[in-house]
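The values are calculated or read from the model by the stated rules, or taken from the named source; none is laboratory data. All figures in this text were calculated on a predicted structure; none of them were measured in a lab. Using ideal geometry, Cβ is built from the backbone for each residue, glycine included, and neighbour counts are taken over all protein chains shown. Just so you know, the surface numbers come from the protein's heavy atoms only, side chains and all, with ligands and any DNA or RNA stripped out. Shrake-Rupley method; radii C 1.70, N 1.55, O 1.52, S 1.80 Å.
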Amino acid sequence: MKKIILTTSVIVFTLNTLLAQNFIKAIRIETPPEIDGFVNEEVWNQAFAVDEFYQREPNEGEAVTEKTIFYTCYDENNIYFAVKCWDDPDKITAKEMARDVSLGNDDRIQIILDTYLDRRNGYWFQVGPRGSIGDAIVSENGAAFNKQWDGLWEGKAKILDYGWEAELAIPFKTLGFDKNNTQWGIKFIRNIVNKLETDYWPEANLNTHKFQVSDAGILDGLENITQGIGLDISPYIITGLDTKKGGKNDPKLTGGVDLFYQITPSLKSSLTINTDFAETEVDDRQINLTRFSLHFPEKRDFFLDGANYFQFGIEGDRESPVAQKIIPFFSRRMGLNENGSPIPINVGAKLTGQVDNWNIGLMHINDDRETGTNNFSVARVTRNLGKQSSVGVIGTYGNSVGEESNLLTGADLKLSTSTFQGNKNVSFFLFGLKSNTKNVEGADAIWGAQFVYPNDLIKARLGYHEIGKNFIAGMGFIPRTNIRESYGELEFGPRPNKWGIMQIQFGGKFSYITNLETHDPETREFKIKPLGLRFLSGEELSYSLINQYEMLTEDFNIFENFVIPQGKYEWWYHVFELETKGARNLWGEASYGFGDFYTGYRKDIILEANWKVAVPFFIGGAITRNEVDLPDGNFTANIYQVNANILFSPNITLYNYLQYDNASKNIGWQSRFQWILKPGNEIILAWNSNFLKPVDKFFMDESAIRLKLKYNIRF
C-alpha cells in the first residue's frame, strides 16, 4: 500500500509540475493523417490536446470565449497539428484564401515553434478558415518578424456547422533544429476577429510581443526524427518575351537551379545558379519629397530565406524610427540597379544556421552588372549570451555605390530580458561600424546605442548615434552621413475597456540631428500625440501635432522644377488618422495632414479602400495626394494604386496590380498567375508593362511576359 501511495504521489507531483510548465508530450504516430482540413481521423484521438486558452486582448487573462482545441503529434518525417475552433459560422471572418497574404483581418490560428529552444528565435505558421496559409521567421524574441520567408509545408481548413477546423503537416526538412535536443518551444494562438479577441496558450500578457518566444511552452519527446539526407534540388525553366515600342521583340528562354543542403539539422547551405525572380512582386511606388534616399523592402525569396541571420544592431527592432537608417548589409544592393531594375545573378552561395550558441550567416553573390564590382560577400556571426542577450560581428566586401573597393566591419551588443519587474521587456543595444574605402581616409565610422522599454502601459525609447562624413556602406543602406542624432519616445496606453474604448494612447516623440563637424542643427522634429483611441468596435482614431525644423545648406530640388532655397525653416503640421475595422467586407484607412511647409503650405491626403466583393473576388485602391503651395507656384504629387485579385483556391490565384504616379508620368501594370501544384512545385505566369503619356494619351512603351516552371525534389 505504501508503494502505491508513493507511486501515486510521484505521478501527481510530476503531472502538476508538467502542467505548471505548460507542457506538451510529443506523441509519435505510425499512420500519418490526411491533410484535408477535416479533423475526423482516429490519429487525432492519439494526439496531445490543448484546450486551456486565455485572452491577451481584449480582457487580459480571461478564458477564451469560444472553445478551442489544438492537437499535436509527429512521425519520423513531419510534425502534425490539428485545430478545432468552435464559433457561430455566420460570425466567422474568412475573406482570404491565397497563400502568404495578410490574415490580420481574418480569423486564424497561429503556431510558433522554437526548434532550438533558445527562447529567442522561432518559426511561425498560420492558417485561416478558408485554407489560406502563411509562414515567417521570428527573431529577437518576437521583435523581428520576417513574413517573406516561405517554407514547404501543407495546411488545409474547412468551415463547418459548429465552427471551423484546420490541419497542418510541417516536414522536418523545412525546419532547422538541434538534433540532440528532444524538447522544442511551442506556442498556440487563436484570433477571433469579430470580437477583437486574441487567445494564447501558454497564457500571454500585454507586455509581451505578439510573437514572443521566451514564454512559449515545452514540446517534449521528439525522438528519432529525420531530415533525410537534407538535400533539396529546385530546377526551373523560364520563357517569355520582352517588347519595346519602336524595337524588335526579344524572346527569352533560360533556366537555372537552386540547391539546398542541410549540412546538419541546424546548418543550411544554399546555392543558386542563373537566378531569376520572375515571380517577385513589384515595389510600391513612392514619390520622394525629402532630400534623402527612400527605403524599399527586399522581396526576393533567395535573400529573404535566413535574412534574420544577417540583421545587425537595431535593424531587427521593427518599431525603432531609425532601424532603416543604419543597415550595413542591404540585400537589394545585389541583383538590382539604383532604379530597382533586375541585374542577372550568375551564382550565389549562402550558409545560415546555428551551431551551439553561435548564429552564422555567410553569403557570396556574383551578378552581371557592367560597371563597378560584381562580387559581393557578407559574413555575420553572433553569440548568444544568457537567455536573450547576444554579441556579434559583421563584415561585408563589395561596393554597389561606387567604383572603389569597400570593406565594412562592425560589432554589436544586445542586452535584453523579458522578465524585468516580472513580465516586462527591456533591451539595450550598442553597436559600431567602420568602412574602409580605397582613397578615402578618416571620418569613416559609426557608433550608436539605444534603450527600449516596449511595454503596454508605458512604451519608452531613447537612442543616439554618430555617422561619419566619409562612412560608405558599399553593400548597405545609410541614407544620411556626417550627422549625430538623438531620438526618443514616450507613450502611455491605459485600457479603460468601457465607453466603447479598448485603449487610449498618448505621448510624444523627438528626433534631433546636428552636423557632426559644425554641430549646427540640421533637422529637428517633435511629434506630440495628445490622443489616440482604439475602440472595442475595431476602429482606430488618432491626432498628432508635429513641429519640424530643417536647415538646408544648399538649394533643394523638391519636385520637377520646384526648388526650396537654402536657409533655415521651421513649421507646424497636423495629422488626423482613421482606420476602420478590417473584419468588414468594406474597410479602409484615411489620413489627412496639413500645415506650413518650408516657404509655403502643404496638405497630404491618403485614402485606402478595400472591398471583398465575394470570397474569390477582391478590389482595393489607394490614393496618395501631396498638395504643396510655394511662392514660385503650386504642385501636386499623386500616386494611384489599384488591386484586383481573383482567388480560385488557396493554391490558384490571379493578382493584378496597377500603379500611376505623376512624377514618372507612367502607369505600371503587373499581373501574376500562380498555381501551386504542391509545395515547391509551381507554375507562374507574370506580365509587367509600362504605359507612358508624353502628350494626350497613354501608350504601352515596354512589356515583359514570363512563364516560370519550378520543380522541387527532396532527398
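Quick notes on this structure:
- Per-pair calculated FRET efficiency, R0 = 41 Å: Ser405 and Lys568 via Cβ, rounded to 0.05: 0.55
- Computed from label points 7 Å out along Cα-Cβ, the spacing between Ile263 and Val347 is 1.7 nm.
- Test item: Cα-centred dipole of the stretch 599-715, Lys/Arg +1 and Asp/Glu -1 on Cβ, debye: 700 debye
- Förster radius 60 Å - calculated FRET efficiency between Lys603 and Leu709 (Cβ-Cβ, nearest 0.05): 0.75
- Per residue, the average separation of C-alpha pairs within less than 8 Å and at least 6 apart gives the chain a relative contact order of 9 percent.
- Extension gain for Arg318-Leu677 works out to 125.8 nm (0.36 nm per residue, less the C-alpha to C-alpha distance).
- Positive-end extreme of charge dipole, the chain - chosen from Ala49, Gly246, Val39 (charges on Cβ): Ala49
- One chain, two ends: Asp250 and Asn77. Fully extended at 0.36 nm per residue, the span grows by 57.7 nm beyond their Cα-Cα distance.
- Length-normalised contact order for the stretch 462-620 - Cα pairs under 8 Å, 6+ apart - percent: 13 percent
- Derived scalar couplings ³J(HN,Hα) [the stretch 498-511; Karplus, 6.51 cos²θ - 1.76 cosθ + 1.60; whole Hz; x for Gly, Pro]: 7, 6, x, 10, 7, 8, 10, 10, 8, x, x, 9, 8, 9
- Theoretical gain in end-to-end length, Asn224 to Asn634 [0.36 nm per residue, Cα-Cα removed]: 140.6 nm
- Here the stretch 580-715 has 62 percent of its accessible surface on carbon and sulfur atoms, given a 1.4 Å probe and all protein chains in place.
- Qualifying trypsin sites (Lys or Arg not before Pro) in the stretch 407-445, where qualification requires a DSSP coil assignment and no more than 16 other C-beta atoms within 10 Å, comprise Lys438.
- Sorting Tyr601, Tyr200, Tyr453 by accessible area puts them as Tyr601, Tyr453, Tyr200; the probe is 1.4 Å, largest comes first, and only protein heavy atoms count.
- Only one residue of Thr174, Ile137, Tyr74 has its Cα farthest out toward the positive end of the dipole of the stretch 69-222, where Lys and Arg carry +1 and Asp and Glu -1 on Cβ, and that residue is Ile137.
- Å² per residue, accessible surface of the stretch 86-184 at 1.4 Å: 30 Å²
- Principal semi-axes in Å for the chain [√(5λ), Cα gyration tensor, largest first]: 41, 31, 29
- If you plug the beta carbon distance of Ala49 and Ala445 into 1/(1 + (r/R0)^6) with R0 = 56 Å, you get a FRET efficiency near 0.50.
- A 1.4 Å probe, protein heavy atoms only, puts the accessible area of Ser389 near 20 Å².
- Shape index of the stretch 485-553: Rg/Rh, with Rg the Cα radius of gyration and Rh the Kirkwood radius from the inverse mean 1/r over Cα pairs, equals 1.20.
- For the chain, size of Cβ-based charge dipole, Lys and Arg +1, Asp and Glu -1, in debye: 540 debye
- The residues of the stretch 523-631 present an accessible area of 52 Å² per residue when probed at 1.4 Å with all protein chains retained.
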